[in-house]
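The next block holds one structure in the form of structure tokens; read it before the comments.
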Amino acid sequence: MDKVILVEPDLIAGQEIVRDLDRRGISVDAALWLQDWDLGVWRLVLSSPAVTSLGPRRIYQATAEILGELPDAQIRLDDISVVGPHHSLVKDLRNVVRTNGDLHQIRLDNLELGGSRFRSARIYRVTGGSFENGARVRIKATDQLGTVRGVVNAPSGPRYLVLYDFRPEDAQPLGSEPRPPVGQDYAADDLELLYVVRTGGWPERLPRVTRPSSDSLEGAARSH
């Protein structure tokens, strides 16, 4: 039967499939569950550069072997689609979300990918991310998590303004001395990308805001 309900064991089994393919030397650059818009059926989509060199059959065979080693998994080979990284669905997906090589569980709803519409997605990995505004990052030196809230082009290279995540130990009683700033700017080497999700119409570069000159303000005042 088609998978119309996706439960936690399915999500865990999907992660195990990706991990085991990686261990077998079959790199997976994108992995996610997608729910069909019309029927509500869930499919696990796996993208690998090995599709070009080995062909999809070899990857399906490896995936079938992995499923045989997961006796409690309620996933059939028919629930899985294997594609290459140049598939239109994968290319459209990279315009929406990108991650590092770790496995995540990112939920996105109401997606249009590869000319098809999907109700929802549970995304493990879409490699090829960058430190864009809104990117989730980890500061390497402290292991602290945060979000990029701006990019400054400094003479030494871009600096990324990171707003730290709030932690319980950051709370302070009223009237106490203020704590150090809740964010800082970092170079790319100081950060590890976790993921970045784009919203519709998000510009590649933030618009530049300029202060009007005194002459233009005076001219506007005279016109009124």
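Nothing in this text is a laboratory measurement; each read-out follows from the coordinates by a stated rule. This structure is a prediction, so every number in the text was calculated from the model and none was measured. Here the Cβ positions follow ideal geometry from the backbone for every residue, glycine too, while neighbour counts run over all protein chains shown.
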For this session: Give the relative contact order (percent, whole number) for the chain; include only Cα pairs under 8 Å separated by 6+ residues.
Result: 17 percent
Exercise. Exposure proxy check: Glu132, Glu177, Glu8 ranked by fewest other beta carbons within 10 Å?
Worked result: Glu177, Glu8, Glu132
Seminar exercise, completed: If one compares the long axis through the Cα atoms of helix 56-68 with the longest principal axis of the Cα atoms of the chain, the angle in degrees, nearest 10, works out at 80 degrees
Exercise. In degrees, nearest 10, range 0 to 90: what is the angle between the Cα axis of helix 8-23 and the longest Cα principal axis of the chain?
Worked result: 90 degrees
Exercise. At 222 nm, what helix-only mean residue ellipticity would the chain give, in deg cm²/dmol to the nearest 500, using -39500 (n - 2.57) for each DSSP H run of four or more?
Worked result: -6500 deg cm²/dmol
For this session: Post the alpha-carbon centroid distance, region 126-198 to region 24-47, in whole angstrom.
Result: 30 Å
Exercise. Does region 1-138 come out rounded, prolate or oblate, given a ≥ b ≥ c as the square roots of the eigenvalues of its C-alpha gyration tensor, rounded meaning a/c under 1.5 and, failing that, prolate meaning a/b above b/c?
Worked result: rounded
For this session: For Leu145 paired with Asn110, estimate the spin-label separation in nm (one decimal), with each label point 7 Å from Cα along the Cα-to-Cβ line.
Result: 2.6 nm
Exercise. What angle, in degrees between 0 and 90 and rounded to the nearest 10, separates the Cα long axis of helix 214-223 from the longest principal axis of the Cα atoms of the chain?
Worked result: 80 degrees
For this session: Could you tell me which trypsin sites (Lys or Arg not before Pro) in region 72-167 are loop residues by DSSP with no more than 15 other beta carbons within 10 angstrom of their beta carbon?
Result: Arg76, Lys140
Problem set entry | In nm, spacing of pseudo-spin labels at Ile5 and Gln61 (7 Å Cα→C-beta vector) | 3.6 nm
For this session: Mind sorting Phe118, Phe131, Phe166 by how few other Cβ atoms lie within 10 Å of their own Cβ, fewest first?
Result: Phe166, Phe131, Phe118
Problem set entry | Peptides ranked, highest mean first, by Cβ atoms within 10 Å: ranges 79-85, 65-71 | 79-85, 65-71
For this session: Can you tell me the relative contact order of region 8-126? Whole percent, Cα pairs under 8 Å, sequence separation 6 or more.
Result: 30 percent
